[in-house]
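A short write-up of the structure that comes next.
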Amino acid sequence: MKKRKSTFANFLLNSLSFFDATLAIYEKIQKGEKPYSDIKSLEEQKIFNLARSFETLSKAFLATYGTLIVYPALLISAVKEGHVKAPRHFQKMINSLNILLRQALNREKIIKKLGHDPIGGSEIPHLLSATAKLLEQLGEKQLAKIYKSLSDYISKPANQRIYGKLLELRKRITATVQFKDAYKQLLDIIEKCVEKSNEDGICENLPNESKLLLNVYKEKPYLIDQAITMLEQGFQELFDSLLYTAYLARAAESADYIVGREEMDEKYLGEVRDHQNEMIEFMKNMAEVNRELVKSDELDEFMAEVESEARKELQKETEKEQSNDS
């Protein structure tokens, strides 16, 4: 495989590499092979690699998370004229999405600032909160509560994100019909935006960076299917990934080194070990899709072009803002 050009593909490749290491250790333990260290240390290295796999996967999909978070709200807003009924809350959501997209396009900030906690350290908690407030104003109480609960969970310090709450949130998301209904319309909306045949205002309400992405789709329609593959796992799976990443952020630090580890860290790692199989199975499904994505030279070229053009657009906006301020 030749060297990847896009940030997206490189983070996906990192995620797959960490997951390969996770499975290699898992198989070694299953076979009963005697390690040079001990089984407990080997288990912890497995957890560390699993956590890093989720971490780098989320760094690749950072912008996608933002789009998925606001999508149901954009859909509901278009129907209920949210930009008219709750203009302040609507604008706050769009502003927060813009911040997240900027973060997703900045390789240095992703690596240095977001570190092992790309979900909690990014704009995502604020975006969830802003979207929850808009949904509440529009009368979507159930969705608003889920978004607020997600924001509250992710906003907590990494050492306060417990598995029990994660499980509760996953069940609530699964039971929320609005997510399923929104997802059924997602591909149709993207196609309408690409063809500029959308009449309900959703496309017009997207931030400039998202419009730029749709313009690239229009110029290269043969790539639409490949790009949409990123979203085909659906809302449930991508929110699961978001929650698992937030939960495992602490493991990426505490599972790597024994030195400095406290009793509460040991208890947390024990909890992760108890539930690791479901996370490994989840990542297996994601890895099957991502393995094909990362092999595609055309998709890599496409994503590199999108990232490059989006950065240029953001630079122009930044210069314009600085000019207005002066």
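The values are calculated or read from the model by the stated rules, or taken from the named source; none is laboratory data. Bear in mind that the values here come from a model prediction, so they are computed numbers and not experimental data. Here the Cβ is made from the backbone with ideal geometry for all residues, glycine too, and neighbour counts use every protein chain on show.
Only one of (1) at pLDDT 80 or above; (2) in contact with a helix residue (DSSP H, G or I) (Cβ under 9 Å, 6 or more places away or on another chain) is not met by Thr67, so which one is it?
(1)
Under 9 Å between Cβ atoms, which residue pairs at least 6 apart in sequence (or on different chains) link something in segment 256-267 that is more than 14 Å from Ser37 (Cβ to Cβ) with a partner that is modelled with pLDDT of 85 or more?
Partner pairs satisfying both residue conditions: Arg261/Leu269; Met264/Asn159; Asp265/Asn159; Asp265/Arg250.
Considering only residues that are in contact with a helix residue (DSSP H, G or I) (Cβ under 6 Å, 6 or more places away or on another chain) and among the hydrophobic types (A, V, I, L, M, F, W, C), look in segment 17-28 and name the one that is surrounded by the fewest Cβ atoms within 10 Å (Cβ to Cβ).
Per the criteria, the residue is Ala21.
Can you name every residue in segment 3-33 that is over 21 Å from Tyr244 (Cβ atoms) and among the hydroxyl-bearing types (Ser, Thr, Tyr)?
Within segment 3-33, Ser6, Thr7 qualify.
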